[in-house]
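*Asks:* Quick one: structure below, then a few questions.
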Amino acid sequence: MTIQAECRLTSASDLAFGNTGVIQAAITSTSTIGVQCTNTTPYNIGLNAGAGTGATVAARRMTSGAGATVVYELFRDPARSQIWGNTAGTDTLAGIGNGAVQSLTVYGRVPAQTTPAAGSYTDTVQVTVTY
């Protein structure tokens, strides 16, 4: 048998910021991504800017049905200082596979901002693994 280098995304949980009124202070939350790679296989996990109009990896946008937006950010570190984007070697998360599922934490933050109209705000971010 020959085992070839491979990586798979096994799971990705929703990042939920909960319910709030006026966004006068930062709101934080976390979610997890599961990745499984063959032992010793180096990998990079990238997150795109999301589906919100005008979004960037530094300022993603959740959108309501009426088109209003809430800016949010995704980070690779608990201090929320390293933006998580999709440019390998710059803002992706690098790791080395161990053959088992590895759980990676996504650290989210909605910064204080002018609060838009009441409603439900969502976004979809694509996760990419390269190896």
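*Asks:* From the Cα trace of the chain, what convex hull volume per residue do you get, rounded to a whole Å³? It would help to have the intermediate numbers written out before the result.
*Replies:* Values: hull volume 13.8 nm³, N = 131.
In the chain, the Cα hull volume divided by residue count equals 105 Å³.
*Asks:* Moving on. Please compute the modelled spin-label separation between Thr53 and Glu6, points set 7 Å along Cα→Cβ, answer in nm with one decimal.
*Replies:* 4.2 nm
*Asks:* Can I ask one more? Could you give each residue of the range 48-53 its phi-based ³J(HN,Hα) in whole Hz, using Karplus coefficients 6.51, -1.76, 1.60 with θ = phi - 60°, and x for Gly or Pro?
*Replies:* Karplus-based 3J(HN,Hα) across the range 48-53 equals 6, 6, x, 9, x, 4 Hz.
*Asks:* Each label point is 7 Å from the Cα along the Cα-to-Cβ direction; what then is the distance between the points at Gln82 and Thr20, in nm?
*Replies:* 2.5 nm
*Asks:* Within 12 Å, Cβ to Cβ, of Val110, how many net charges do the neighbouring residues add up to if Lys/Arg are +1 and Asp/Glu are -1? Each step should come with its number before you reach the end.
*Replies:* On the way: positive: Arg60, Arg61, Arg80, Arg109; negative: Glu73, Asp123.
Surrounding charge for Val110 is +2.
*Asks:* With r as the distance between the Cβ atoms of Thr32 and Thr124 and R0 = 22 Å, compute the FRET efficiency 1/(1 + (r/R0)^6) and round to 0.05.
*Replies:* Values: r = 17 Å, r/R0 = 0.76.
According to the calculation, E is roughly 0.85.
Where a number appears in this text, it was derived from the coordinates with a stated rule and is not lab data. Remember, predicted model here, so these are calculated numbers, not experimental data. Glycine gets a Cβ as well: all are built from the backbone with ideal geometry, and neighbour counts include every protein chain shown.
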